[in-house]
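Here's the structure, in structure tokens; my notes come after.
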Amino acid sequence: MKVIKCFLVVLVLVLLAASSTALAATLDEVRARGELVVGVNTGLAGFAMPDEKGVWKGLDVDTAKAIAAAVFGDANKIKYIPLTAVQRLPALQSKEVDVLCRNTTATLTRETVNGLNFVQPNYYDGQAFLISKKMNVKSAKQLKGATVCVLPGTTTEMNAADFFRKIGMPWKPVVIENNAELNKAFFAGRCDSLTSDASQLAAVRSVAPNPPDYIILPEIISKEPLSPAVRHGDDQWYDIVNWTVMALIEAEELDITSANVDEMLKSKDPQVQRFLGVSPGFGKALGLDEKWAYNIIKQVGNYGEIFDRNVGPKTPLALERGLNDLWTRGGLMYAIPLR
Ligand SMILES: N[C@@H](CCC(=O)N[C@@H](CS)C(=O)NCC(=O)O)C(=O)O
């Protein structure tokens, strides 16, 4: 009896030790390594793509930079790991990356079966269809019998099947795993339509041989809340990534920008003072420096700046804020209170 009791006590102690290391692991590992390892797209204009000098640019890249700024006070301490749609979830599960910032839709099965947690979305998207104007089609409901290019390992594949099944229309999926090959197949006329998240179709269209030859049909057939993701089991790391995205939105709500953040340090507004660490507390609560949010905004900008710079109306993607506008202007971007 005594031996069994003893064994149980040891077992409990071992389990406790194991769970506490799992809880604190990621931030410690990232700090010890001296850089954040981020899983990004292999190349998606506006979201994550190296420029002509090989410098990664995009909304997902800026989200990653914000995390690095929060953790290190230096937005450039990042190693980018390009991942295809099929590779991305296993790469996070196997600890090849600390975080995924890769236009990935938050879903129930990805959070449960795949053991991941999605934080606050950094882009609310929805699936659409891209076609050549020559097709003379105005609605996705006219795509009867159409061949549709689609990437495997995505929510896209299932949504398209659901859409056509629901309206009882036949279609022919053309499934190609390599994204560049998929886009090439569409532009070469191997499929009548390319289906994906609307923002991605805008990105693909922006690099088309002649963009005005192509249109995105009006139907949005799904909800695609694109969110950074972390592994299950490390709440502190989840909090850091989640509150980094929240901070980007909060700064826009408070009218704090990369240009005025130093001026804002002198603000009399207690909310601004707490946000920028002038009144300390939030940094300690997250296990970070009190200047975590200041560093994010100074080095990367607020959510609106990131949106405009990468995908907004003045970029080749020319996307409107729409759902990604602040809640105060009718969008879904809403930072839960920093208190
Ligand atoms: N948001 C959807 C789709 C994401 C996705 O992977 N889209 C493709 C189509 S543009 C992509 O990013 N491809 C780039 C690649 O696989 O390299 C999901 O999470 O499943």
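Every read-out reported here was derived from the displayed coordinates using simple, explicitly stated rules and does not represent laboratory data. A quick note: this is a predicted structure, and the numbers were derived from the prediction, not measured. With ideal geometry, Cβ positions are generated from the backbone for all residues, glycine too; neighbour counts draw on all protein chains shown.
For segment 81-108, give me each residue that is under 29 Å from Leu319 (Cα atoms) and of a type in the set (Ser, Thr, Tyr).
Thr84, Thr104, Thr105, Thr107
Does segment 53-77 hold any residues that are among the acidic types (Asp, Glu), away from the ligand (no atom under 16 Å from the Cβ) and either assigned to a helix (DSSP H, G or I) or surrounded by 24 or more Cβ atoms within 10 Å (Cβ to Cβ) (or both), and which are they?
Scanning segment 53-77 gives a single hit, Asp62.
Taking the stated definitions as given, is Glu219 surrounded by fewer than 17 Cβ atoms within 10 Å (Cβ to Cβ), in contact (Cβ under 8 Å) with a residue 40 or more places away in the chain, touching a Phe, Trp or Tyr at 6+ places or on another chain (Cβ under 9 Å) and of a type outside the set (Lys, Arg)?
Here the answer is yes, as Glu219 does meet what is asked.
Could you list, in sequence order, all residues of segment 301-315 that are surrounded by 22 or more Cβ atoms within 10 Å (Cβ to Cβ) and among the polar types (S, T, N, Q)?
Asn302, Asn310
Can you find a residue in segment 159-167 that is within 16 Å of the ligand (Cβ to nearest atom) and charged (D, E, K, R)?
yes
Could you please give the count of residues in segment 38-52 that are within 10 Å of the ligand (Cβ to nearest atom) and on the phi > 0 side of the Ramachandran plot?
1
For segment 109-132, does any single residue satisfy the condition of being of a type in the set (Lys, Arg) and more than 30 Å from Ile249 (Cα to Cα)? Lay out the reasoning, then the answer.
At the first step, the residues of segment 109-132 found to be of a type in the set (Lys, Arg) are 110.
Next cut, more than 30 Å from Ile249 (Cα to Cα) only: none.
No, segment 109-132 contains no residue that is of a type in the set (Lys, Arg) and more than 30 Å from Ile249 (Cα to Cα).
In this structure, is Gln142 among the polar types (S, T, N, Q), away from the ligand (no atom under 11 Å from the Cβ), surrounded by fewer than 22 Cβ atoms within 10 Å (Cβ to Cβ) and more than 17 Å from Ile216 (Cβ to Cβ)?
no
Being closer than 14 Å to Ile131 by Cβ and crowded, with 18+ Cβ neighbours inside 10 Å is the filter here; which residues of segment 188-201 pass it?
The answer is Cys191, Asp192, Ser193, Leu194, Thr195, Ser196, Ala198, Leu201.
Could you say which residue among Ala285, Ala318, Ala293 is part of a helix (DSSP H, G or I), surrounded by fewer than 18 Cβ atoms within 10 Å (Cβ to Cβ) and not polar (S, T, N, Q)? It would help to see each step written out before you state the result.
Details: Ala318 fails: part of a helix (DSSP H, G or I); Ala293 fails: surrounded by fewer than 18 Cβ atoms within 10 Å (Cβ to Cβ).
Of the residues listed, the single one that is part of a helix (DSSP H, G or I), surrounded by fewer than 18 Cβ atoms within 10 Å (Cβ to Cβ) and not polar (S, T, N, Q) is Ala285.
Which residues, taken from segment 198-214, are in contact with a strand residue (DSSP E or B) (Cβ under 8 Å, 6 or more places away or on another chain) and away from the ligand (no atom under 14 Å from the Cβ)?
Those that are in contact with a strand residue (DSSP E or B) (Cβ under 8 Å, 6 or more places away or on another chain) and away from the ligand (no atom under 14 Å from the Cβ): Asp213, Tyr214.
If you go through segment 78-122, how many residues are under 25 Å from Pro50 (Cβ atoms) and in a loop (DSSP other than H, G, I, E, B)?
Going through segment 78-122 one residue at a time, the tally reaches 13.
Mind listing whichever residues of segment 168-180 are within 13 Å of the ligand (Cβ to nearest atom) and either closer than 19 Å to Gly126 by Cβ or polar (S, T, N, Q) (or both)?
Answer for segment 168-180, where residues must be within 13 Å of the ligand (Cβ to nearest atom) and either closer than 19 Å to Gly126 by Cβ or polar (S, T, N, Q) (or both): Asn178, Asn179.
Six or more apart or on different chains, Cβ atoms under 7 Å: show the pairs whose first residue is in segment 183-198 and under 20 Å from Lys141 (Cα atoms) and whose second is among the β-branched types (Val, Ile, Thr) and away from the ligand (no atom under 14 Å from the Cβ).
If the second residue must be among the β-branched types (Val, Ile, Thr) and away from the ligand (no atom under 14 Å from the Cβ), the pairs left are Cys191/Thr147; Asp192/Ile131; Asp192/Thr147; Ser193/Ile131.
Which condition from (1) farther than 23 Å from Ser222 by Cβ; (2) without any contact (Cβ under 8 Å) to a residue 60 or more places away in the chain; (3) loosely packed, with under 14 Cβ neighbours inside 10 Å is the one that Lys95 breaks?
If we test Lys95 against (1) farther than 23 Å from Ser222 by Cβ; (2) without any contact (Cβ under 8 Å) to a residue 60 or more places away in the chain; (3) loosely packed, with under 14 Cβ neighbours inside 10 Å, just (2) comes out false.
Please verify whether segment 121-129 includes one or more residues that are away from the ligand (no atom under 16 Å from the Cβ), among the hydroxyl-bearing types (Ser, Thr, Tyr) and surrounded by 17 or more Cβ atoms within 10 Å (Cβ to Cβ).
Here is the first cut: in segment 121-129, the residues away from the ligand (no atom under 16 Å from the Cβ) are none.
There is no residue in segment 121-129 that is away from the ligand (no atom under 16 Å from the Cβ), among the hydroxyl-bearing types (Ser, Thr, Tyr) and surrounded by 17 or more Cβ atoms within 10 Å (Cβ to Cβ).
Looking for something small (Gly, Ala, Ser) and over 30 Å from Lys79 (Cβ atoms) - is there at least one such residue anywhere in segment 98-121? Talk me through it step by step, then tell me what you get.
Restricting attention to segment 98-121, the residues satisfying the condition of being small (Gly, Ala, Ser) are 106, 115.
Now restrict to residues that are over 30 Å from Lys79 (Cβ atoms): none.
No.
So in segment 181-197, with the set limited to residues that are of a type in the set (Gly, Ala, Ser) and under 22 Å from Lys144 (Cβ atoms), which one is nearest to the ligand (Cβ to nearest atom)?
Ser196
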